Amino acid sequence: PLVVIEAKSPTLLDVWKTRAVRQLHRYQEAGPEWHGSGAPELFYYNLACVAICGADAAYGAIGVPENVYAGWKSLEPWNEAEVRERFGAEPKGQVPLIVGLLSPANLLEILRDFVVFEPERGRLVKKLPRYQQFRAVHRAMERLLTLDKPEERGGVVWHTQGSGKSLTMLWLATKLRREPRLDNPTIVIVTDRTQLDVQITGTFKRCGFPAPEHAESTKDLRRLLSLGSGRTIMTTIQKFEDALTSGNGRMDPLNDADNVFVMVDEAHRTQYGLLGAKMSKALPNATFLGFTGTPIDKGFRRSTMRRFGPLIDKYTIPQSVEDRATVPILYEARLAELSVIGGNTVDHLFDVIFDDEPDDVKARIRRRFANREALAEAEKRIEMIALDIAEHYKARVKPNGFKCQVVAPSRAAAARYAANLCDFGVSAYAIITTTLDDTDPLLKQARGIDHEQIVSAFKDPDGEPEILVVVDMLLTGFDAPIEQVMYLDKPVREHGLLQAIARVNRRYSQQRDGVTIEKEYGLVVDYYGVSRELEAALAVFDPADLQGTLEPLDENPEVVIESAATKAGSYFKGRSLDDAWSCVEVFVDQTAEGFKADLFEKFNADY
């Protein structure tokens, strides 16, 4: 069998999924506690395991834990009316997964084109697509195969940060490579950062994609694009800068075939200027597909959709959090008296930092720190914030085994933050670009660090450092699910801010002392005062698309408990909460309508 389904009664309410997955694990003998009690041969050819209960359904690959089991919300290839007519069922509860994921055409397509195996933390992990990934690839292929002109085929896949864009691009590339009507196309994967280039190239190679070729230089890119069709080329957009110029000085196209497909990762950043224009000139008949978690719409000159074409698929932050594909991001402003932007004046900020200095010393210091930017990097301010970070981390984050990033306003500030945090008992390293400043011993020390080794150790639950300090590096495309908190002390704006805070939205769980600890939320701790910048960043979007992007962290437990009690009580209006059986009657005949999902899942997600 390709699929094994474990069906449970909806009367089990919030424990149905736990019991179903536990039984699937027993059948698989997925663990020493199940040895000899299952039938592992039943799963030799398994594509997916499914748990259903009438009111809900979830699926996962063989051996994955319960928290990886996900819902399937897409009805494609059907619409709601067709589901009602063809299957005689309302399109809710377990129905979308059955008619969507398990429809014969979709199931066989997933089996052929959407299964990858990727090494993670010393073991090989089987990965299946989430519904939004399958839907986006399906819609993109439909567009590519039904429209004739390259400029009409293109478009934008808007999937929020942390929802698996790299794998979506991999699966789309797989479909392109296997589609005979595209006549062995050339596929070009473009990023705008070396780090992203290395990351996505690594994803393609680890997942077994056939023969991805990495353009090591402008000359190498020119060579690869000129060799004919059938290649998969990974490059940064900056390599197109000089690639067009031939030996005679002319700006000649590098490949004018119409079966060239260019997938641009983080398509909002570099596509509106000269580099984007040069890439289009190098590949005049190519189809361009933009992938982004933060599209831009700033009129004629800067619009992601105007540059690439219409929206192919959209998967927003609220959808991702609701599906538990990512965790919600909470926001906390700390040490407001030290914030650089916001309500503080320069004089007030100066007085807070240097209040205990004698007047004559203050006068000398004032000449040195005469503006906000200088005050932001004052050693004493950094020391005060570093102490607060260390205390916050040791009390609130470290006990659960999670890690953090600090975003500093400059390389010198980053080096000082790392040194101070180490002095306060937290292992920290500054990951910054090289600097020619040989006068600062902290910068010299930071320059000698092996970034790759430190980042790898950061991702390891048992490795050090506990905190990475950065300026610009690792704010985009950096995927470290163990990271829960970002301490922000830098003016980050627009899509850059949205990308930065998304570093903490990855789901993550680990075993500590025999107990599974789940990352329930990510946290942005703001020392700089960027809340107004966030409002500006969100202003370009439809409010519904980014609702709840950054919710304030309520630290008062009495308020949280009171809110939870009020919400729970609202389900039992007109009944006495002292009469248990009267309250139980609320559940009668309502489980099939998803009452359990409304009460328990939403309630537990909030509280």
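The values are calculated or read from the model by the stated rules, or taken from the named source; none is laboratory data. Bear in mind that the values here come from a model prediction, so they are computed numbers and not experimental data. Neighbour counts run over all protein chains shown; Cβ positions are idealised from the backbone, glycine included. Please note that ligands, DNA and RNA were not included when accessible areas were found on the heavy atoms of the full protein model with its side chains. Shrake-Rupley method; radii C 1.70, N 1.55, O 1.52, S 1.80 Å.
The base-10 log of I(q)/I(0) for region 140-219, evaluated at q = 0.16 Å⁻¹, reads -0.72 [Debye formula, identical scatterers on Cα atoms, solvent excluded].
Which loop trypsin sites (Lys or Arg not before Pro) in region 91-146, with loop taken from DSSP, have no more than 10 other Cβ atoms within 10 angstrom of their Cβ? Passing sites in region 91-146 are Arg121.
Per the Cα gyration tensor, region 24-95 maps to an equivalent ellipsoid with semi-axes of 31, 12, 10 Å, ordered largest to smallest. Kirkwood hydrodynamic radius computed over region 110-249 comes to 16.3 Å, based on all pairs of distinct alpha carbons.
Other residues lying with their Cβ under 9 Å from the Cβ of Thr236 contribute a combined charge of 0, Lys and Arg counting +1, Asp and Glu -1. Each peptide in 407-416, 392-401 receives the mean, over its residues, of other Cβ atoms within 10 Å, and ordering these scores from highest gives 407-416, 392-401. Computed over neighbours whose Cβ is under 13 Å from that of Ala20, the net charge equals +1, Lys and Arg +1, Asp and Glu -1. For Lys175, the aspartates and glutamates whose Cα falls under 14 Å of its own Cα, not counting residues fewer than eight places away in the same chain, are Glu109, Asp113, Glu142, Asp183. Can you compute the modelled spin-label distance between Glu357 and Ile517, with each label point 7 Å from Cα toward Cβ, in nm? Between Glu357 and Ile517, the label points sit 4.0 nm apart. By a 1.4 Å probe calculation restricted to protein chains, Lys403 has an accessible surface near 10 Å², given to the nearest 10.
Need one value: the accessible area of Ser103 in square angstrom, 1.4 angstrom probe, rounded to the nearest 10. Counting only protein heavy atoms, the figure is 10 Å². Cα centroid distance between region 146-187 and region 116-137, in Å? When both Cα centres are located, 17 Å separates them. Straight-line cross-link partners of Lys278 among the aspartates and glutamates, defined as a Cα under 12 Å from its Cα and at least 8 positions apart when in the same chain: Glu241, Asp242, Asp252.
Explain nothing, just the number: dipole magnitude of region 70-165 about its Cα centre with +1 on each Lys and Arg Cβ and -1 on each Asp and Glu Cβ, in debye rounded to the nearest 20. Numbers along the way, then the final one.
Details: 16 positive and 13 negative charges, 94 e Å.
That gives region 70-165 a dipole magnitude of about 460 debye.
Packing, taken as the mean count of other beta carbons within 10 Å per residue, orders the peptides 14-21, 209-216 from highest to lowest as 14-21, 209-216. Taking all protein chains as shown and a probe of 1.4 angstrom, His138 keeps an accessible surface of around 70 Å².
Rounded, prolate or oblate: which fits region 59-172, taking a ≥ b ≥ c as square roots of the Cα gyration tensor eigenvalues, rounded meaning a/c under 1.5, else prolate when a/b beats b/c? Spell out each step's value before the answer.
Numbers: a/c = 2.00, a/b = 1.07, b/c = 1.87.
Note, shape of region 59-172 comes out oblate.
Rounded to a whole number of µm²/s, how large is the Stokes-Einstein D of region 370-520 at 37 °C and 0.692 mPa s, given Rh as the Kirkwood radius over C-alpha pairs? After rounding, the answer is 208 µm²/s. Along its principal axes, region 118-186 has C-alpha extents of 45, 27, 18 angstrom, given from the largest down. Panel note: the C-alpha atoms of region 350-421, placed on their principal axes, show extents of 46, 24, 17 Å (largest first). Against the criterion of solvent-accessible heavy-atom surface with a 1.4 angstrom probe, Trp34, Trp581 sort, most first, into Trp581, Trp34.
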